1. Could you tell me whether any residue of region 4-19 is over 30 Å from Ala186 (Cα atoms) and among the basic types (Lys, Arg)?
2. Quick check: anything in region 172-181 within 30 Å of Trp81 (Cα to Cα), at pLDDT 65 or above and part of a helix (DSSP H, G or I)?
3. Considering each of Leu109, Leu90, Leu94 in turn, give the residue that is surrounded by 15 or more Cβ atoms within 10 Å (Cβ to Cβ) and modelled with pLDDT of 85 or more.
4. Just to verify a result, which residue in region 158-171, among those that are hydrophobic (A, V, I, L, M, F, W, C) and either surrounded by fewer than 16 Cβ atoms within 10 Å (Cβ to Cβ) or closer than 21 Å to Asp9 by Cβ (or both), is modelled with the lowest pLDDT?
5. What's the total number of residues in region 82-131 that are in a loop (DSSP other than H, G, I, E, B) and farther than 19 Å from His193 by Cα?
6. I'd like to verify a number: residues in region 38-59 that are surrounded by 14 or more Cβ atoms within 10 Å (Cβ to Cβ) and not in a helix (DSSP H, G or I), how many?
7. Show the residue pairs that are 6+ apart or on different chains and have beta-carbon atoms under 9 Å apart, the first residue being within region 188-199 and surrounded by fewer than 21 Cβ atoms within 10 Å (Cβ to Cβ) and modelled with pLDDT of 75 or more, the second being part of a helix (DSSP H, G or I) and among the basic types (Lys, Arg).
8. If you go through region 81-103 one residue at a time, do you hit one that is under 12 Å from the mean Cα position of the chain (by Cα) and either under 19 Å from Ile187 (Cα atoms) or among the β-branched types (Val, Ile, Thr) (or both)?
Amino acid sequence: MPITADFLDLMARGGPVMWVIFVVAWVAIIMLIERALRVNSWHRQALKDQQALEDDKTHLPEKSSTQNTSPIALLISRLEWQEIKHNDDLAQQLNIQLAELMPKLEGTLPTIAIIGSLLPMLGLLGTVTGMIEVFEVIALQGTGEPQEMAHGISQALLTTASGLIIAIPVIFFHHLLVRQLRHVLAITEQSMHAVYSKDISILKEKQ
């Protein structure tokens with residue numbers, strides 16, 4: 001097929017580094033999609049649980065059997081109710097559990113940030129290898145082989161452009177997801193304050 005042939009030709013002209021960039025780009029895309037689905041699900045459920053907490057003074061969000069569980073429901077499911085005697089104990093446990101839950105909420109976001117910063121460096125690596133090829137041609141054959149020199153220059157430019165073209169959207173969408181996750185955390189903290197204000201004896205009876 002023409003598209004496949006063009007793609008393979010592009011990858012061949014970019015050299016081995018182009019394949020590394022291609023694989024890393026797909027890893028980043030898969031991670032971004034997974035995080036986007038998860039964070040969006042948390043955001044929707046967090047808003048529902050926050051509203052339920054405000055409407056019902058005895059309501060406690062429950063952990064769902066599916067992945068559609070808000071952070072506040074996850075926090076409440078981890079509480080050791082037998083050790084909670086008053087609201088200060090509840091606040092302390094919720095804060096401890098939130099700190100432990102944070103790495104799970106972030107998931108692959110730190111890895112995506114690292115990939116976004118590595119992609120331009122991979123492009124630069126391709127540039128260096130392409131220029132090395134150009135200088136090797138000059139050293140061996142002088143400047144009388146423009147076709148061989150053009151191949152090295154093409155490799156250098158392709159890898160640099162590819163690294164930047166992929167890095168820019170990866171970094172942009174990573175930033176959007178981080179902002180949305182911060183919003184989820186803000187909603188979770190508001191829900192935690194709503195739980196603090198409830199009657200602890202009623203809450204313990206529901207467990």
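The values are calculated or read from the model by the stated rules, or taken from the named source; none is laboratory data. Remember, it's a predicted structure, so these values are computed and weren't measured experimentally. Every residue, glycine as well, gets a Cβ built from its backbone with ideal geometry; the counts of neighbours run over all protein chains shown.
1. Pass one, region 4-19, residues over 30 Å from Ala186 (Cα atoms): 4-19.
Applying the additional criterion that residues be among the basic types (Lys, Arg) yields 13.
Yes - at least one qualifying residue is present in region 4-19.
2. Checked region 172-181: at least one residue is within 30 Å of Trp81 (Cα to Cα), at pLDDT 65 or above and part of a helix (DSSP H, G or I).
3. On the way: Leu90 fails: modelled with pLDDT of 85 or more; Leu94 fails: modelled with pLDDT of 85 or more.
Matching residue, one of Leu109, Leu90, Leu94: Leu109.
4. That would be Leu158.
5. 2
6. Result for region 38-59: 1.
7. Hits for this filter: zero, empty list.
8. Looking through region 81-103, at least one residue is under 12 Å from the mean Cα position of the chain (by Cα) and either under 19 Å from Ile187 (Cα atoms) or among the β-branched types (Val, Ile, Thr) (or both).
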